[in-house]
Amino acid sequence: MKRNLVIIGAGPAGLAAAVAAYDAGERDLLLLEREPIGGGILNQCIHNGFGLHTFREELTGPEYAARYLQQVRERNIEIMSDTTVLRIGKDKVVACVNRDGMHHIQAKAIILACGCRERPRGAINIAGARCAGVFSAGTAQKLMNTEGYMPGKRVVILGSGDIGLIMARRMTFEGAKVEAVVELMPYSSGLNRNIVQCLQDFDIPLLFSHTIVQINGEDRVRSVVIAQVDEQRNPIMETARTIECDTVLLSVGLLPENELAKTGGVTLSPVTGGAIVDDTMMTDQDGVFACGNVLHVHDLVDFVSQESAHAGACAAKYIRDRASSDAYVDVRASGGVRYVVPQRIATRGDDVEISLKMRVANVFRNVRIVARLDGQEIVAKRKQVVTPGEMETLTLKPSVVAQVRAGRTLEVTLEEQSV
Amino acid sequence: MRKIVIVGAGVIGCGVARELSRYRADIVVLERENDISCGTSKANSGIVHAGFDAHTGSNKAKFNVAGNAMFDALAKELDFPFRRNGAFVLCFDDSQTDRLRALYDQGIGNGVTELRILDGDEARRMSPNLSDRVVAALYAPTSGIVSPYEMTVAYAENAARNGVRFRRNCEVTAIRAREGGWNVTAGGEEFFADVVINCAGVYADTVHRMASDEPLQVVARKGEYVLLDKECGGLTDQTLFQLPTHMGKGILIAPTTHGNILVGPTATDVEDKRDVDTTPEGLRTVIDKARLSVPQLPTRSIITQFSGLRAHCDRNDFVIGWAREGFYDVAGIESPGLTASPAIATHVAQDVARKLDLQTDDAFVAERRAIPCFARLDDRARAELIASDPAYGQIVCRCETVTEGEIVESIRRPVGAVDLDGVKRRTRAGMGRCQSGFCTARILQILARELGTDVADVTKKGGDSRIVFGRLDK
């Protein structure tokens, strides 16, 4: 089988990329999806709050997905579902499998839109029993919202990532008692609106600078021991106390799922865990693009859609023109900015707006986000507060893009705002 | 037909059952847990030891060396993962090299072949990530690695194929002598036995005392481990032991047969024989000590921790033999018990067969084939498998690339999986880097469907370990 464009994953990223590629003129494209239907993780996110940027209204996850699935259907874009991609290979042959057999698809371009996965318990080394009742927040969400089962009655949530916050409210709605949300850091990695709407509105305590030091139980979780942590994040055992519960949810971070990228020889960033891409969302493998949570973890699906539409359009253009850059301007994060995507900007390219997505390493107040091209400030933005939980964007207007492409290094940094 | 009751379905119980199934006898294995391979056999280092550790003349030394030699043929016959990867015992101090030499001499005395002593540079050439502090190493090419629970399952499946019955959730609570044999009470039922074979692991002392007044004490010695992601699989190809230092017994680093890296174990005696909790201290000890061997141990790639209990006997050796007429102990089978298990199983089966004057069974089938492992097949073989059953084209566990076909097969086989952990041990579904985050819901559905029960009744490991508390609308 041959296809111009193969998009791996029909979640929000893949769907938006497919629509945009189609609208940019690409007709020979295929979406590969491992689940029976498209929509990805949105299908289990039955809460609202999606689409404020994209559709200017508040949608649930499945509604948001349905809008894009509708656009895909209208364009007759094929989705091969219940199909798992096993590898992509450096030759851009996509090997995938479904109940009909093994398939090898030769692609001219590939878009990785495989999303992310949750960090498991082992990655955070919680001691204690290996009993039932310990779930990642997303697994619990799937069990409830997709399968219709109640995963727990008395719950302690470790980590204040967005899925954990959403699940605190969701389980409360269904009659569970959420005893506490325990966060290792002195700040939340989730969105502020979720802290207000999912915890504060339900009087669920959020304990900053705390962690679970022990899970007790034989067959099922019986209790957890929590403790405050010091500045080095080591537990202060004098503060330890036991909370009776039958369930522990972990919301301790998301990791881009890049096993496939590795099979294609794509270079990954140790900071984001996703590919290193240029301003067209192309990785360092010619014709392999990445967008959405497989590239870096987003907090709003609207931004996933935006980024992925851009990737889809760029992939279509790449297939049409067969042109890619071989020289790049380095984009560097410094001074409190943890990472910037894209990590490089092609020296040849159109004078179109480029949006720099970034996350900061801590909570900062009254700062300027500044981009400097070879030492000279070219764009800046004032912020009263920036937090690791909220992605920031700095936009390079078309008027400065030509200048940027002619430069060597673009540094993005935080500066204290002079009062 | 003569009746034999085997207590315990770990690698020893299942191995003895399999070897006895060569004879015409009525054999039943009684297991207290929800599944086989749930004690020591599921959580250990998975090492097939060369045989230099045990004192010459001990049961441990004898059965270790004999067992090791049996693995190539057995792994082929029963189709379980095994590889001779070789092992180093690392020495970090020039003043200790005589102890390395003593280990070498003991190995030679035990009949271990191909042993060599290398200097630090020679060892580092073979295993480049070794610490600069390694001054010498004992190299044992005959050391290997095995998947202990897959080996146990292989034994059990083959035993069942040859007529052995397995009863799970069937804890032995009393053994009473009666004329010509024993009445064994287990799971609320009575089993008559001409011979009882005690393979009860950390509980072997409890079972022993039901039948014998001879003192026997088995202490549960906890060992904690961490498991690293397959992306670190290249850290070492050989198993790395440490010569015991002033800090105590060493920590090993070993590849697993599936390409992960296993680091551990600690050694702490515990009172509660159900206590397999991991501890912060244990984890720290494992990592700190392992760094002596490989300083750049990538701890951020840890995907899980676990601990297991070794059955340490106060007699400091394997206890294998008739405790009294008709009651046979196979107790204190701690390291190198896994390695020794094939030799022990054969020895015990022959002892019992001789005693009961059993006739060999002409219908015995020695071969057992593993569940097809989609992840390890090439694309052509995968296509053939899917053509034979489309369920092999449905990936369920994406991290380990496990298909629905494999999971269904693991449930339908004799002594098949009945819970999530059982599926995991037999197929690796849920054992990868996401640690079952994505596949739990799917496996629950498959288990419920195959077992004819509701998702809400499916457990992680039996007992009260249900995953969910019923339907939302109830």
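Annotations
- Output for the stretch A:373-387, where each listed residue is surrounded by fewer than 16 Cβ atoms within 10 Å (Cβ to Cβ) and either touching a residue at least 40 places away in the same chain (Cβ under 8 Å) or under 12 Å from A:MET358 (Cβ atoms) (or both): A:LYS381
- Some residue of the stretch B:143-156 being part of a strand (DSSP E or B) and more than 30 Å from B:ARG18 (Cβ to Cβ): no
- Members of the stretch A:114-129 found to be facing chain B (nearest Cβ under 7 Å), in a loop (DSSP other than H, G, I, E, B) and closer than 23 Å to B:GLN445 by Cβ, listed by number: A:PRO120
- Taken over the stretch A:86-106, residues that are more than 9 Å from chain B (Cβ to nearest Cβ), in a strand (DSSP E or B) and aliphatic (A, V, I, L, M) amount to 3.
- Of the residues making up the stretch B:405-417, those that are surrounded by 22 or more Cβ atoms within 10 Å (Cβ to Cβ) and either touching a residue at least 60 places away in the same chain (Cβ under 8 Å) or farther than 21 Å from B:MET151 by Cα (or both) are B:VAL415, B:ALA417.
- Among the candidates B:ASP389, B:ASP361, residue that is more than 11 Å from chain A (Cβ to nearest Cβ) and either more than 17 Å from the chain's Cα centre (by Cα) or surrounded by fewer than 23 Cβ atoms within 10 Å (Cβ to Cβ) (or both): B:ASP361
- Any hit, the stretch A:76-85, residues being surrounded by fewer than 16 Cβ atoms within 10 Å (Cβ to Cβ), closer than 27 Å to B:ARG382 by Cβ and either within 14 Å of another protein chain (Cβ to nearest Cβ) or among the hydroxyl-bearing types (Ser, Thr, Tyr) (or both): yes
- Count of residues meeting criterion [within 8 Å of chain B (Cβ to nearest Cβ) and crowded, with 24+ Cβ neighbours inside 10 Å] in the stretch A:150-181: 2
- Filtering the stretch A:15-68 to residues that are at positive phi and of a type in the set (Lys, Arg) leaves only A:ARG56.
- Taken as a whole, the structure places A:ALA109 among residues that are under 25 Å from A:MET282 (Cβ atoms), away from chain B (no Cβ under 12 Å) and in contact (Cβ under 8 Å) with a residue 40 or more places away in the chain.
- Scan the stretch B:123-142 for residues that are without any contact (Cβ under 8 Å) to a residue 12 or more places away in the chain and in a helix (DSSP H, G or I) and the total you get is 2.
- Qualifying residue in the stretch B:232-252 (condition: within 14 Å of chain A (Cβ to nearest Cβ) and in contact (Cβ under 8 Å) with a residue 40 or more places away in the chain): yes
- No other residue among B:ARG161, B:ARG168, B:ARG125, B:ARG176 is within 30 Å of B:ARG32 (Cα to Cα) and either over 28 Å from the mean Cα position of the chain (by Cα) or aromatic (Phe, Trp, Tyr) (or both) apart from B:ARG176.
- Some residue of the stretch A:188-195 being among the basic types (Lys, Arg), within 29 Å of the chain's Cα centre (by Cα) and in a loop (DSSP other than H, G, I, E, B): no
- The stretch A:1-40 - residue that is within 14 Å of chain B (Cβ to nearest Cβ) and outside any loop (DSSP other than H, G, I, E, B) and, of those, surrounded by the fewest Cβ atoms within 10 Å (Cβ to Cβ): A:LEU32
- Answer from B:LYS62, B:LYS3 - the residue that is of a type in the set (Lys, Arg), more than 18 Å from the chain's Cα centre (by Cα) and within 16 Å of B:ILE333 (Cβ to Cβ): B:LYS62
- Qualifying residue in the stretch B:276-286 (condition: of a type in the set (D, E, K, R), touching a Gly at 6+ places or on another chain (Cβ under 9 Å) and modelled with pLDDT under 95): yes
- Those residues of the stretch B:431-454 which are part of a helix (DSSP H, G or I), more than 8 Å from every other protein chain (Cβ to nearest Cβ) and either surrounded by 19 or more Cβ atoms within 10 Å (Cβ to Cβ) or touching a residue at least 12 places away in the same chain (Cβ under 8 Å) (or both), in sequence order: B:ARG442, B:ILE443, B:ILE446, B:LEU447, B:GLU450, B:LEU451
- Some residue of the stretch B:455-466 being more than 8 Å from chain A (Cβ to nearest Cβ), surrounded by fewer than 24 Cβ atoms within 10 Å (Cβ to Cβ) and either more than 30 Å from B:ASN260 (Cα to Cα) or of a type in the set (Gly, Ala, Ser) (or both): yes
- Given (1) of a type outside the set (A, V, I, L, M); (2) surrounded by 21 or more Cβ atoms within 10 Å (Cβ to Cβ); (3) without any contact (Cβ under 8 Å) to a residue 40 or more places away in the chain, index of the condition A:PRO342 fails: (3)
- Whichever residue in the stretch A:130-149 is at the interface with chain B (Cβ under 7 Å from one of its Cβ atoms) and touching a Pro at 6+ places or on another chain (Cβ under 9 Å) and, among such residues, is farthest from B:GLY282 (Cα to Cα): A:MET144
- Residues that are touching a helix residue (DSSP H, G or I) at 6+ places or on another chain (Cβ under 9 Å) and of a type in the set (D, E, K, R), drawn from the stretch B:19-49: B:GLU19, B:ARG22, B:GLU31, B:ARG32, B:ASP35, B:LYS42
- Scanning the stretch B:268-311 for residues that are more than 10 Å from every other protein chain (Cβ to nearest Cβ), part of a strand (DSSP E or B), surrounded by 17 or more Cβ atoms within 10 Å (Cβ to Cβ) and of a type in the set (A, V, I, L, M) yields B:LEU309, B:ALA311.
- Checked against (1) touching a Leu at 6+ places or on another chain (Cβ under 9 Å); (2) basic (Lys, Arg); (3) crowded, with 16+ Cβ neighbours inside 10 Å, B:ARG315 meets all criteria but (3).
The values are calculated or read from the model by the stated rules, or taken from the named source; none is laboratory data. Everything numeric in this text was worked out from a predicted model, so none of it was measured. Backbone-built Cβ (ideal geometry, glycine too); neighbour counts: all protein chains shown.
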